[in-house]
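Visitor: Right, I'll just put the structure down here and ask away after.
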Amino acid sequence: QNAIIAIEDSRFRDHGGVDPIGLVRAAASDYLGNGTQEQGASTLTQQYIKNLFVEQAARRGDKAGVQAATAKDASRKILEIRAAIDLEKRMSKDEILAAYLNIAYFGNSAYGVEAAAERYFSVHASQLTVEQSALLAGIVQAPFTYDPIRRKTNAKNRRDTVLSRMHELGIVTDKQYAKAVKSPIRLKQRQPVSG
């Protein structure tokens, strides 16, 4: 939980579903032509809403609905923002975080942190180490790019970025951080992944 919050939405516990600072930063980045991505504008609550819309459309077999839920346009973003604000009124932060972690895609057919912990490390999510947690937290931004099975160097670099952010926020100590970044990625896959 701490690793995901650190890298995806460090102000998660402080905002009401939408992070005004992130929105301003994203708007400035877009205005300056620096961003092709959403430059930190999406909170964990918004990401959960988007994932939920995608999952619902996919279950219905609605390909257009999946595309609409992931479209990079203002109308989709406004819908996501409204839904996030409403959700924050009905669910606690812990409930939202748990829901997000249960639906997020961690690559290699692993939906949810429990499935990811078992897929990559053959342990329950409650048994993840700091390094393992940071690796998983790093994957969600781009599961293909940060695939720890096929792209270990990318995955380690991203994991170390997550660890650095956790250290910066005081989630891990100097000693924990130093030990974790020296650690290679050690996978213990429960199921083989076809190529």
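Visitor: Among the residues of segment 124-152, count how many are of a type in the set (A, V, I, L, M), in contact (Cβ under 8 Å) with a residue 24 or more places away in the chain and in a loop (DSSP other than H, G, I, E, B).
Guide: Residues meeting the conditions: 2.
Visitor: Go through (1) open to solvent by 40 Å² or more (accessible area, probe 1.4 Å); (2) out of contact with any helix residue (DSSP H, G or I) (no Cβ under 6 Å at 6 or more places or on another chain) one by one and return the number of the condition V130 breaks.
Guide: Going through (1) open to solvent by 40 Å² or more (accessible area, probe 1.4 Å); (2) out of contact with any helix residue (DSSP H, G or I) (no Cβ under 6 Å at 6 or more places or on another chain) one by one, V130 breaks only (2).
Visitor: Here is a check on your reading of the model: is R11 part of a loop (DSSP other than H, G, I, E, B), open to solvent by 60 Å² or more (accessible area, probe 1.4 Å) and either closer than 28 Å to A134 by Cα or at pLDDT 95 or above (or both)?
Guide: Here the answer is yes, as R11 does meet what is asked.
Visitor: Another question about this same structure. Which of the residues belonging to segment 41-74 are in a helix (DSSP H, G or I) and charged (D, E, K, R)?
Guide: Matches in segment 41-74: K50, E55, R59, R60, K63.
Visitor: Given (1) basic (K, R); (2) outside any loop (DSSP other than H, G, I, E, B); (3) in contact with a Ser or Thr (Cβ under 7 Å, 6 or more places away or on another chain), where does K188 come up short, assuming only one miss?
Guide: It fails just one condition, (2).
Visitor: Here is a follow-up. Restrict the check to segment 170-192 and report whether at least one residue is in contact with a Gly (Cβ under 9 Å, 6 or more places away or on another chain), small (G, A, S) and touching a residue at least 12 places away in the same chain (Cβ under 8 Å). Give the steps one after another, and end with the answer.
Guide: Looking only at segment 170-192, we keep the residues that are in contact with a Gly (Cβ under 9 Å, 6 or more places away or on another chain), and these are none.
No, that holds for no residue.
Visitor: State whether one or more residues within segment 138-154 are touching a Ser or Thr at 6+ places or on another chain (Cβ under 9 Å), under 18 Å from N2 (Cβ atoms) and not hydrophobic (A, V, I, L, M, F, W, C).
Guide: For segment 138-154, residues touching a Ser or Thr at 6+ places or on another chain (Cβ under 9 Å), under 18 Å from N2 (Cβ atoms) and not hydrophobic (A, V, I, L, M, F, W, C): present.
Visitor: Taking the residues in segment 136-157 that are in contact with a helix residue (DSSP H, G or I) (Cβ under 6 Å, 6 or more places away or on another chain) and closer than 21 Å to Y48 by Cβ as candidates, determine which candidate is surrounded by the fewest Cβ atoms within 10 Å (Cβ to Cβ).
Guide: The selected residue is Y146.
Visitor: Suppose we filter segment 75-117 for residues that are open to solvent by less than 70 Å² (accessible area, probe 1.4 Å), over 30 Å from N154 (Cα atoms), assigned to a helix (DSSP H, G or I) and of a type in the set (G, A, S); how many remain?
Guide: Count: 2.
The values are calculated or read from the model by the stated rules, or taken from the named source; none is laboratory data. This one's a predicted model, so the numbers in the text were calculated from it and none came from an experiment. All Cβ positions, even for glycine, are placed from backbone atoms using ideal geometry, and neighbour counts span all protein chains on display. Please note that ligands, DNA and RNA were not included when accessible areas were found on the heavy atoms of the full protein model with its side chains. Shrake-Rupley method; radii C 1.70, N 1.55, O 1.52, S 1.80 Å.
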